[in-house]
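The values are calculated or read from the model by the stated rules, or taken from the named source; none is laboratory data. Every value quoted in this text rests on a predicted model; they were computed, and no experiment measured them. Cβ sites come from the backbone with ideal geometry, for glycine too, and all protein chains shown count toward neighbours.
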Amino acid sequence: MSENDAQLDNDAKLDRLITARAAERRAMIEHQLIPRGIRDPRVRTAIQHVPREHFFPADRIDNAYVDAAHAIDCDQTISQPYIVALMSSLLELHGGERVLEIGTGSGYQTAILAHLARDVFTVERHAVLASAAAHRLKTLNLTNIHYHTGDGTLGWTEHAPYDAILVTAGAPRVPDELLDQLADPGTLVIPVGDESAQTLTRITQHNARFETQTSIGCRFVKLRGHAGWQD
Ligand code: SAH
């Protein structure tokens with residue numbers, strides 16, 4: 001097969017992957033997201049474009065469009081579609097931003113961010129999850145994502161500052177390191193609370209002043225590490 005034929009073959013596979021369950025995604029947006037107030041049209045379009053089943057372990061893809069979070073490897077979870085949509089909306093992205101994501105996990109939220117922003121810098125502490133996610137995201141031709149394995153509570157100083165930062169694990173407090181790496185203006189979204197319940201929290205920086213707003217209650221796996229949970 002020539003290089004050109006291989007590319008055409010890959011494009012055809014990708015097309016099939018994106019169209020296969022498009023109707024289920026439309027239904028998910030209509031029944032799970034719109035009634036709960038997800039209005040941002042760019043967020044809805046991104047969710048329509050990303051085949052969620054691609055991020056599920058092979059034996060569990062039937063769960064992909066269910067209104068819930070689901071288990072992935074390393075005792076972690078892929079977030080509920082509504083939570084992904086809400087967190088993405090709270091960042092109010094327009095397309096030109098550089099975004100830092102802490103907790104790559106399956107890579108599903110990363111894919112949504114890659115559709116909404118110019119560049120996504122994603123950090124995951126489990127190397128196994130990070131490499132599986134990178135592989136999946138490359139198959140989807142998402143080339144504006146940069147990967148790092150390590151403790152995301154320290155951020156990723158090399159590429160700071162970031163217009164938006166999204167933490168997808170539950171934190172005991174807001175890490176100062178992440179506030180330090182936020183651009184001005186900039187927005188940080190992070191679930192904060194104890195290990196059984198957190199509040200989705202948005203911190204916006206304007207003219208060197210931080211403002212904090214709270215959104216819904218939620219339950220994420222623990223953000224572990226230097227400025228997270230220690231155990
Ligand atoms: N957005 C992901 C959610 C994954 S669950 C998805 O939809 O699939 C949260 C992830 O945060 C887990 O993969 C966990 O390993 C990771 N995590 C926890 N603490 C971390 C830290 N300090 N740095 C980077 N990743 C962390």
Original post:
Got a sec? Which of Ala132, Ala169 is on the phi < 0 side of the Ramachandran plot, modelled with pLDDT of 95 or more, out of contact with any Lys or Arg (no Cβ under 7 Å at 6 or more places or on another chain) and of a type in the set (Gly, Ala, Ser)?
Top reply: Ala132
**OP:** For residues that are of a type in the set (A, V, I, L, M) and part of a helix (DSSP H, G or I), scanning just the stretch 69-102, find the one that is farthest from Phe55 (Cα to Cα).
**Re:** Leu90
Original post:
When Gly105 is evaluated against the numbered criteria (1) surrounded by fewer than 24 Cβ atoms within 10 Å (Cβ to Cβ); (2) touching a strand residue (DSSP E or B) at 6+ places or on another chain (Cβ under 7 Å); (3) not in a strand (DSSP E or B), which criterion, by number, is the only one it fails?
Top reply: (1)
**OP:** Would you please name the residue that is nearest to Pro161 (Cα to Cα), looking only at residues in the stretch 196-230 that are touching a helix residue (DSSP H, G or I) at 6+ places or on another chain (Cβ under 8 Å), within 16 Å of the ligand (Cβ to nearest atom) and aliphatic (A, V, I, L, M)?
**Re:** Ala227
Original post:
With Thr204, Thr212 as the choices, which residue is polar (S, T, N, Q), loosely packed, with under 14 Cβ neighbours inside 10 Å and on the phi < 0 side of the Ramachandran plot?
Top reply: Thr212
Original post:
Just checking, how many residues over the stretch 137-172 are more than 21 Å from Gly186 (Cβ to Cβ), without any contact (Cβ under 8 Å) to a residue 40 or more places away in the chain and away from the ligand (no atom under 14 Å from the Cβ)?
Top reply: 3
Original post:
What residue, among those in the stretch 154-192 that are part of a loop (DSSP other than H, G, I, E, B) and polar (S, T, N, Q), is nearest to Ser106 (Cα to Cα)?
Top reply: Thr168
